[in-house]
1. Of (1) acidic (Asp, Glu); (2) surrounded by 24 or more Cβ atoms within 10 Å (Cβ to Cβ); (3) outside any helix (DSSP H, G or I), Glu148 satisfies all except one. Which?
2. Output the residue which, of all residues in the range 189-247 that are over 26 Å from Thr149 (Cβ atoms) and of a type in the set (Gly, Ala, Ser), is farthest from the chain's Cα centre (by Cα).
3. For residues in the range 22-72 being touching a Gly at 6+ places or on another chain (Cβ under 7 Å), among the aliphatic types (A, V, I, L, M) and within 20 Å of Arg239 (Cα to Cα), which is surrounded by the most Cβ atoms within 10 Å (Cβ to Cβ)?
4. If the requirement is being more than 26 Å from Ala121 (Cα to Cα), in contact with an Asp or Glu (Cβ under 6 Å, 6 or more places away or on another chain) and hydrophobic (A, V, I, L, M, F, W, C), which of these qualifies: Ala57, Ala38?
5. So the check is Cβ under 9 Å with 6+ separation or different chains; which pairs have a first residue in the range 183-212 that's under 19 Å from Ser253 (Cβ atoms) and a second one that's part of a strand (DSSP E or B) and of a type in the set (Lys, Arg)?
Amino acid sequence: MRLLVTGGYGFIGSAYIRHVLKTPGVEVLNIDKMTYAANPKAVEAAGAAPGYRFVQADITDRTAMRAQIAAFKPDAVVNFAAETHVDRSIDGPSLFVHTNVMGTAILLEEAAAYWKALDDAGKARFRFHHISTDEVFGTLGSDGLFTETTPYQPNSPYSASKAAADHLVRAWNHTYGLPVLVTNCSNNYGPWQFPEKLIPVMIIKALLGEALPVYGKGENVRDWLHVDDHAEALWLVLRKGVVGESYNVGGNSERKNLDVVHTICDLVDQAAGPKSRRNLVTYVTDRPGHDFRYAIDASKIARELGWKPRHTFEQGLAATVRWYLDNRPWWQEIRDKAYSQQRLGLSK
């Protein structure tokens, strides 16, 4: 199988590439714009693979997308390319619309044109797999779960841009017949995550003895999914999923943000010496429009495709803390040169 993967130097995209390259006969063309969050080392960690190559390009560049699709002749396009950080979307929403909406539209147009020119066997084999988020569904109260049929109600510029992209993918299936798949995942965590998201931010700051900024009262709830479990689910959906369907991918691990931070503190205390790092917790102004709770019902992918997460949150988080302890040069360089973990997302 020949996979054209966009955004393959991102956190989830790189985990996916590492996973699929374990399968003999798989070839991957990784197309990545190389934004601030791009991380080539996360793919290099898989070792040299004869079926892998990389091209730097932007999915909003129609000419580049057309040329790469024509030259590589993929059996599937797997679209991870996106701006993803909610706080950054609050400060600069237009970039999210440009990349996540226009980029997806251009990619769909070029993929559809390529697909239409294939022979019957090629058409039957081809898939366009779009990777999305549970944030498109909006927010939940204290109970209930997001299912594949939950109405979309995005609340941040980021989630609105992803919702728009999801709708475009569905429209290309319905209008043009493009064989598509959509997956909506819960919050990912694990190795190689750019240190702007909750878990790596808290691990690194706890290690350095810095204040741990918890938004609001820390009562917001997220479902946590280990990135390697997610990669396995995505590979399964691409090979076995029903065209035109969407699949929710969750970790069955709901936790309050404050509980996650406290657990990180305890794990860092155990690994790096007891310092009662819970004392570093500092409550800061909440994110504007902060969704209260996300929770995934992943029963469809379990029932129809046989997938369930392998990691418990406790196991996965402990391994993640250990990974950041063991890979300090990587994240230290990011803090020194690219992003010092300053607060974003307070623009009104």
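1. Failed condition: (2).
2. Gly209
3. Among those that are touching a Gly at 6+ places or on another chain (Cβ under 7 Å), among the aliphatic types (A, V, I, L, M) and within 20 Å of Arg239 (Cα to Cα), it is Val28.
4. On the way: Ala57 fails: in contact with an Asp or Glu (Cβ under 6 Å, 6 or more places away or on another chain).
It is Ala38.
5. Filtered contacts from the range 183-212: Ser186/Arg222; Asn187/Arg222; Leu198/Arg222.
Quick note: the coordinates plus some simple rules give every number you see, no bench work behind them. Computed from a predicted structure; not experimentally measured. In this analysis, Cβ positions are derived from the backbone assuming ideal geometry, glycine residues included, and neighbour counts consider all displayed protein chains.
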